[in-house]
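Student: The structure that follows is given in the form of structure tokens.
Every number here is computed from the coordinates shown, using simple stated rules; none is lab data. Computed from a predicted model, the values in this text were never measured in an experiment. All Cβ positions, even for glycine, are placed from backbone atoms using ideal geometry, and neighbour counts span all protein chains on display.
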Amino acid sequence: MKVFIVALIGTIFLTGCSFWNQDGEIEVNEVFARQAEVIATDLEIPWNITKYEEAFYLSQRPGYIVKVDEATGEKTTQQLEVTKDIHHDGEGGLLGFLLAPNFRESREAFAYHTYQDNGQIFNRIILLKLNQNTWTEQRVILDKIPGGRIHNGGRIKVGQDGKLYATAGDAGNPDHAQNVNSLAGKILRMNLNGSIPTDNPFQGSYVYSYGHRNPQGLAWDEDGRLFSSEHGQAAHDEINVIEPGMNYGWPIIEGDQQAPNMKTPFYHTGNVTWAPSGIEIKDNLLYVATLRGESIKVLNIENKSVDMALENAGRLRDVLLVDEALYTITNNRDGRGNPREDDDQLLRLLLGR
């Protein structure tokens, strides 16, 4: 589906919703948004979108939060007081940020960030508490996740089972991914207090699945299946259905390659590079924010066809679905994009059938 976008007074209008299917026939898809509105501008490499009532809380990779009022677009900068300085270098920094399920009462949130310790780079997950416009570290949930200039993972979400899940990249060392004693190259699962669930697949371990290169997105479908997006080495980006204890193959296999006791992806991009990041699922449609792909791809879970909901906004890092609206954030100031006036931005697309 080819979508053309014209910006006018803070609104991006989408026109042209036809696309070629695999049989070479033109089809028209009425699922997608007809317009995308700019909610906030001049953000600084926002990495994660979370929302409470009428406010967004956007992690900025250099190490702070921007609160955005949805109605007015007014921005409030919220600082972090943490015991380990946030290390913003390469792909590291303040990454995942998630309001606690009981945020109304607790004013707490979880954060995933990169830091240095004696010359080594790590990632950790911490619990923060909001007081006025400052988030203060309360305790460490999980520490010493291997980190680096690349492949830090960083997505955190609470699953349908009430557990906290986190994606951890291989930190630029592919051997980490196959080592079940390493936290790198994994999807991790923990209780909200940081303890290890007794039903994790490896006793006494946070590891939920392994053999990952750089997983960036997490989402559950209506059947409770966990999906994750992952960057391939050279194209062959993946969408995986995550099963506890399974090996997803990196660096031994990718794409359609097979090996004993290793899972091939639910979907991969072949020779095309998406660099997929945050994902969301609704009505068997998996929405993918793509960085190199500079668009929101829409993967139909039932037939694995791919459409497009938005393009021409640049590099996109995350997506959030709320009712009939899809929100996304640009990352054109991350050193790999082409910043435009008012970048980076928070956008809203209205979905409708």
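Student: Hey, among the residues in the stretch 250-272 that are within 22 Å of I187 (Cβ to Cβ) and among the β-branched types (V, I, T), which one's surrounded by the most Cβ atoms within 10 Å (Cβ to Cβ)?
Tutor: T269
Student: In addition: Got a number for residues in the stretch 136-161 being assigned to a loop (DSSP other than H, G, I, E, B), touching a Leu at 6+ places or on another chain (Cβ under 8 Å) and of a type in the set (K, R)?
Tutor: 1
Student: State the number of residues belonging to the stretch 162-195 that are outside any loop (DSSP other than H, G, I, E, B) and polar (S, T, N, Q).
Tutor: Of the residues in the stretch 162-195, the ones outside any loop (DSSP other than H, G, I, E, B) are 164-168, 175-178, 186-190.
Add one more test, that the residue is polar (S, T, N, Q), and what stays is 167, 178.
Residues that pass the stated criteria total 2.
Student: When the residues of the stretch 87-97 are narrowed to those that are more than 14 Å from K157 (Cα to Cα) and surrounded by 20 or more Cβ atoms within 10 Å (Cβ to Cβ), which ends up farthest from the chain's Cα centre (by Cα)?
Tutor: First, the residues of the stretch 87-97 that are more than 14 Å from K157 (Cα to Cα): 87-94.
So of that shortlist, the ones also surrounded by 20 or more Cβ atoms within 10 Å (Cβ to Cβ) come out as 87, 91-94.
Values: H87: 19, E91: 13, G92: 14, G93: 14, L94: 13 Å.
Per the criteria, the residue is H87.
Student: From the list L320, L299, L285, exactly one residue is surrounded by 22 or more Cβ atoms within 10 Å (Cβ to Cβ) and on the phi < 0 side of the Ramachandran plot. Which is it? Spell out the reasoning first.
Tutor: Numbers: L320 fails: surrounded by 22 or more Cβ atoms within 10 Å (Cβ to Cβ); L285 fails: surrounded by 22 or more Cβ atoms within 10 Å (Cβ to Cβ).
Only one candidate passes the filter, namely L299.
Student: Could you please let me know if N214 is over 23 Å from F122 (Cβ atoms) and either crowded, with 23+ Cβ neighbours inside 10 Å or without any contact (Cβ under 8 Å) to a residue 40 or more places away in the chain (or both)?
Tutor: Details: over 23 Å from F122 (Cβ atoms): no; either crowded, with 23+ Cβ neighbours inside 10 Å or without any contact (Cβ under 8 Å) to a residue 40 or more places away in the chain (or both): yes.
When the stated conditions are applied, N214 does not pass them.
Student: Moving to a separate point now. Report, by residue number, each residue of the stretch 237-249 that is buried (at least 21 other Cβ atoms within 10 Å of the Cβ) and either in a loop (DSSP other than H, G, I, E, B) or of a type in the set (S, T, N, Q) (or both). Steps first, answer last, please.
Tutor: Start the filter on the stretch 237-249 by keeping residues that are buried (at least 21 other Cβ atoms within 10 Å of the Cβ), which leaves 237-240, 242, 248-249.
Result: D237, N240, Y248, G249.
Student: Okay, next question. Hey, any hits in the stretch 181-203 for a residue that's touching a residue at least 60 places away in the same chain (Cβ under 8 Å) and acidic (D, E)?
Tutor: no
Student: Go over the candidates A100, A111 one by one and state the one that is of a type in the set (G, A, S), closer than 21 Å to I49 by Cβ, crowded, with 21+ Cβ neighbours inside 10 Å and in contact with a strand residue (DSSP E or B) (Cβ under 9 Å, 6 or more places away or on another chain). Spell out the reasoning first.
Tutor: On the way: A100 fails: crowded, with 21+ Cβ neighbours inside 10 Å.
Just a single option satisfies the conditions, and that option is A111.
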